1. Is at least one residue of the range 259-282 among the hydroxyl-bearing types (Ser, Thr, Tyr) and touching a helix residue (DSSP H, G or I) at 6+ places or on another chain (Cβ under 7 Å)?
2. If GLU43 satisfies all but one of (1) surrounded by 21 or more Cβ atoms within 10 Å (Cβ to Cβ); (2) of a type in the set (D, E, K, R); (3) within 27 Å of the chain's Cα centre (by Cα); (4) under 30 Å from ASP344 (Cα atoms), what's the number of the condition it fails?
3. Considering only residues of the range 126-161 that are part of a helix (DSSP H, G or I) and of a type in the set (S, T, N, Q), which is farthest from SER214 (Cα to Cα)?
4. Against the definition (surrounded by 15 or more Cβ atoms within 10 Å (Cβ to Cβ), at pLDDT below 95 and outside the structural domain of GLU176 (by TED's automatic domain parsing)), how does SER358 come out, yes or no?
5. Find all pairs meeting these conditions: Cβ atoms under 9 angstrom apart; at least six residues apart or on different chains; first residue within the range 69-80 and of a type in the set (Ser, Thr, Tyr) and surrounded by 11 or more Cβ atoms within 10 Å (Cβ to Cβ); second residue at pLDDT 95 or above and part of a helix (DSSP H, G or I).
6. Looking at the range 301-308, is at least one residue in contact with a Gly (Cβ under 7 Å, 6 or more places away or on another chain), surrounded by fewer than 18 Cβ atoms within 10 Å (Cβ to Cβ), farther than 29 Å from ALA396 by Cα and modelled with pLDDT under 95?
7. Quick check: anything in the range 324-344 surrounded by 22 or more Cβ atoms within 10 Å (Cβ to Cβ), in a helix (DSSP H, G or I), touching a Gly at 6+ places or on another chain (Cβ under 6 Å) and touching a residue at least 60 places away in the same chain (Cβ under 8 Å)?
8. State the number of residues belonging to the range 258-298 that are hydroxyl-bearing (Ser, Thr, Tyr) and either crowded, with 22+ Cβ neighbours inside 10 Å or on the phi > 0 side of the Ramachandran plot (or both).
Amino acid sequence: MSGELSRRRLLRTIGTAVGASIAGCLFDDGPEPIDAEARDLREIAAMDVPARAEPFPIEVDAAYVEREVDRVESLLEEIPSALETEIPNEAVRQYIDNEREDTRQKLNRADDEETNIGRLGPLRGARSDSEEANGAYRAARGELTRAEITPGLTELRERAAGRAESLTVEGRDPHEAIPIYDRIERRLAAAIRALDRPEPPSTVSTVEAVGELSGRTGFVRAATNDAMHLLERHRESVHDPEPFGEAIEQAIDAMDEEITTRVETIPDDPNRHTLFDAETDSTPRAPAGEQVLRLVQSSVDRYRDNDPESAQGFTTALDALCDLQMVDRLRTVVEEGGLGRPEDETAVEDAKISAVESIEDARATADTGSQYLLEPQLSAAISSIHRGDDTIERHADRSVERAALWSIAEYAIADARATVTNDAVAQAIDALE
């Protein structure tokens, strides 16, 4: 904490003690205001947060990434920088320019990524946007029609669905193979979902319809290519792979038993403050309860929707298990008197520091080889910290009360998740053996 923050806190504490003795004689209703200032909360929001890590068992080929970049750039090069002479319609020109600008932004994001696996996400977006710009440009010139694109969409879907159905999770170690196949399955599923969306209605202009369908085609091709590249790289790295479908199914069955038992203790309504057997009004317990219940319901729903022999089935079961164990951890914290009404910004700062330390401890004490399953859970904890920081930035000037309560809630969720993650991951890995 900075010296300036400490000095302001001391002065304010003295002033508050005097003011409280007077105000207490006049007002008895409601809790005492939280003794914090917006600038103090913003200093807490600016405190460092652990960086996300994205370990992956295989390397993405740099040449593959370069080919994807070249494809995007070649699509942009086919569009003249000045469109006025070819396209008199200003709205169409603006549409194409917007897609070009979005493409360039995503290319910059890909360039900023430190790993090739990290570059694939922005590049999929860039491929989609560049195809949309290119398709719209060609449609505006009368070179491409909706009828020419539609048959290709059916073929793309059949190809993606066929590849998804033929996948068999295999490799050397299941806890290394599962993250790879999880990524492959997700890419193919995203491609299929994109193709299953309704086509633009007939009322949409030809340029816009062709642009949208071209962008969809570009995304599907990029997602499918990514999936197949990962599969190829994995198969190159493993000789005599062992199939893990049966082990995954058994592990999911083991996790499902605990998931089902724990779900029975969860309230159905995320808007009711029934998660904790304690007073929740005007405390971080209320927003923590609402947020964690939404997280649990979402993760359990995703788990129920997946194939019980797939890598996604395993990872979503682990997500649900971590979320449910996180609920128990938060309940324990509340039973021990935690997440009560904060007096000042100290409670906010302490909550964030504790969350950061729990993430660091989880990484320091993790079992060897567990990082591929551990880090996605810690990334979710880091996201909770960022949501707490964002809450402060959005609300501190208007409502110190909301900023403090909701940020503490998010920090507490991050803390709880990081605390249970190692045990949950170890439990899931043990179930595979």
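The values are calculated or read from the model by the stated rules, or taken from the named source; none is laboratory data. Since this is a predicted model, take the numbers as computed values, not measurements. Here Cβ is always computed from backbone atoms with ideal geometry, including for glycine, and neighbour counts include all displayed protein chains.
1. Yes: one or more hits.
2. (1) is the only condition that GLU43 fails.
3. Within the range 126-161, the match that is farthest from SER214 (Cα to Cα) is THR154.
4. Working: surrounded by 15 or more Cβ atoms within 10 Å (Cβ to Cβ): yes; at pLDDT below 95: no; outside the structural domain of GLU176 (by TED's automatic domain parsing): yes.
For SER358, the condition - surrounded by 15 or more Cβ atoms within 10 Å (Cβ to Cβ), at pLDDT below 95 and outside the structural domain of GLU176 (by TED's automatic domain parsing) - is not met.
5. Matching pairs, first to second residue: SER74/SER130.
6. Yes - at least one qualifying residue is present in the range 301-308.
7. Scanning the range 324-344 turns up no residue that is surrounded by 22 or more Cβ atoms within 10 Å (Cβ to Cβ), in a helix (DSSP H, G or I), touching a Gly at 6+ places or on another chain (Cβ under 6 Å) and touching a residue at least 60 places away in the same chain (Cβ under 8 Å).
8. Summing the residues that are hydroxyl-bearing (Ser, Thr, Tyr) and either crowded, with 22+ Cβ neighbours inside 10 Å or on the phi > 0 side of the Ramachandran plot (or both) in the range 258-298 gives 2.
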